[in-house]
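Structure, as structure tokens:
The values are calculated or read from the model by the stated rules, or taken from the named source; none is laboratory data. Not measured: the values here are computed from a predicted model. Cβ placement follows ideal geometry from the backbone for every residue including glycine, while neighbour counts extend to all protein chains displayed.
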Amino acid sequence: MSTTTNTATSQATGRRRAPGRLGDRIFSGVATGAGVSILVVLAGVAIFLLIEAWPAITAPAEDIPGGEGLFRYILPLAFGTVVAAVIGLIVAVPFAIAIALFITHYAPRRLAQTMGYLIDLLAAVPSVVYGLWGVAVLAPASLGVLTWLERNLGFLPFFEGPVSSTGRTMLVAGVVLAVMILPIITAITREVFLQTPKGHKEAAYALGATRWEMIRMAVLPFGRSAMISGSMLGLGRALGETMAVTIILSVSGAITLNLISSGNPATIAANIALDFPESSGVAVNMAARGLINRRREFTE
């Protein structure tokens with residue numbers, strides 16, 4: 001009888017508390033509004049892009065550069081974008097996971113903190129610096145490796161050659177992209193690896209597992225979502241990278257699987273940077289002119 005009474009009392013109390021406090025309702029409304037506004041903005045961007053691109057979509061083939069239509073113009077750019085991003089992801093993900101595991105479960109505390117700071121610092125390096133490093137350092141240094149790949153793995157379409165004399169190849173661009181996205185993937189996986197429940201790790205040790213077996217049974221399954229999400233964020237960075245790829249690649253515009261030759265497809269972002277180097281929006285110019293006038297008044 002008392003149990004029934006307590007249940008009824010708790011249900012009545014829950015009904016009285018259901019509306020919540022004013023602050024909770026305000027926060028819920030603001031959060032909901034922010035989420036809806038993001039969706040509205042994204043939908044507006046998509047509609048704007050579709051409206052602006054419609055003349056190109058419906059234009060005759062002879063009006064598109066190359067004279068073969070919009071699809072044939074975009075195809076090599078999309079192909080180059082995907083190839084460069086996939087190479088960067090293939091190279092970066094294993095190294096990022098290994099570095100995250102070393103920092104969280106193998107390195108001494110002081111060394112782990114130092115390595116964490118250094119890796120996070122890599123994310124702040126401008127892409128132009130990575131591009132210049134790729135052209136001036138990595139590309140010349142890769143000639144020996146590229147020659148070895150052609151000599152020993154030339155039967156594969158990826159390394160059939162001839163090797164580029166400058167080293168400015170799709171493979172080098174992919175490696176540079178891997179270095180650029182490495183801090184993103186490492187930071188995310190490292191933080192989630194640190195959140196692995198202590199009970200899971202102690203249970204693995206209690207069953208006689210070694211450190212690596214504990215990582216394989218407890219840490220990696222717990223951090224699987226972090227590895228996937230970090231990889232997706234890194235992929236987004238690689239797909240949208242502009243300056244590094246523009247500086248490194250020697251573009252020919254052809255669709256090819258050869259990663260070590262001088263004939264490379266461009267990426268979409270690099271093509272935009274090469275063909276549209278200046279922005280001439282009215283709003284941007286008005287804002288710049290307003291700032292200049294304010295500075296002129298202050299000087300006078």
In this structure, does Ile103 turn out to be over 26 Å from Asn264 (Cα atoms) and under 24 Å from the mean Cα position of the chain (by Cα)? yes
At negative phi and in contact (Cβ under 8 Å) with a residue 12 or more places away in the chain: which single residue out of Ile38, Ile26, Ile51, Ile57 fits that description? Ile57
Just name the residue that is surrounded by the fewest Cβ atoms within 10 Å (Cβ to Cβ) out of those in segment 91-106 that are closer than 29 Å to Leu257 by Cα and in contact (Cβ under 8 Å) with a residue 24 or more places away in the chain. Phe95
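Rundown of residues vs (1) out of contact with any helix residue (DSSP H, G or I) (no Cβ under 9 Å at 6 or more places or on another chain); (2) modelled with pLDDT under 90; (3) not assigned by TED's automatic domain parsing to the domain that holds Leu235, yes/no style:
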{"site": "Thr9", "(1), (2), (3)": "yes, yes, yes"}
{"site": "Thr13", "(1), (2), (3)": "yes, yes, yes"}
{"site": "Ala18", "(1), (2), (3)": "yes, yes, yes"}
{"site": "Arg21", "(1), (2), (3)": "yes, yes, yes"}
{"site": "Ile47", "(1), (2), (3)": "yes, no, yes"}
{"site": "Ile64", "(1), (2), (3)": "no, yes, yes"}
{"site": "Val86", "(1), (2), (3)": "no, no, no"}
{"site": "Leu89", "(1), (2), (3)": "no, no, no"}
{"site": "Pro94", "(1), (2), (3)": "yes, no, no"}
Check on Glu150, surrounded by fewer than 21 Cβ atoms within 10 Å (Cβ to Cβ) and either on the phi > 0 side of the Ramachandran plot or in contact with a Gly (Cβ under 7 Å, 6 or more places away or on another chain) (or both): yes
State the number of residues belonging to segment 107-135 that are touching a residue at least 60 places away in the same chain (Cβ under 8 Å), surrounded by fewer than 14 Cβ atoms within 10 Å (Cβ to Cβ) and more than 13 Å from Met180 (Cα to Cα). 0
Residue among Leu249, Leu207, Leu194 that is of a type outside the set (S, T, N, Q) and under 26 Å from Val86 (Cα atoms): Leu249
For segment 84-102, does any single residue satisfy the condition of being on the phi < 0 side of the Ramachandran plot, part of a helix (DSSP H, G or I), among the aromatic types (Phe, Trp, Tyr) and in contact with a Pro (Cβ under 7 Å, 6 or more places away or on another chain)? no
Failed item, numbered, when Gly80 is tested on (1) surrounded by 13 or more Cβ atoms within 10 Å (Cβ to Cβ); (2) closer than 30 Å to Met217 by Cβ: (2)
Looking at Gly167 and the list (1) of a type outside the set (Asp, Glu); (2) part of a helix (DSSP H, G or I); (3) in contact with a Pro (Cβ under 6 Å, 6 or more places away or on another chain), which single condition is not satisfied? (2)
Checking the structure you have, find out if any residue of segment 62-77 is touching a residue at least 60 places away in the same chain (Cβ under 8 Å), assigned to a helix (DSSP H, G or I) and closer than 30 Å to Leu194 by Cα. no
For segment 195-210, how many residues meet the condition of being among the basic types (Lys, Arg) and surrounded by 14 or more Cβ atoms within 10 Å (Cβ to Cβ)? 1
Please verify whether Ile188 is touching a Lys or Arg at 6+ places or on another chain (Cβ under 7 Å) and assigned by TED's automatic domain parsing to the domain that holds Val91, treating the condition exactly as stated. no
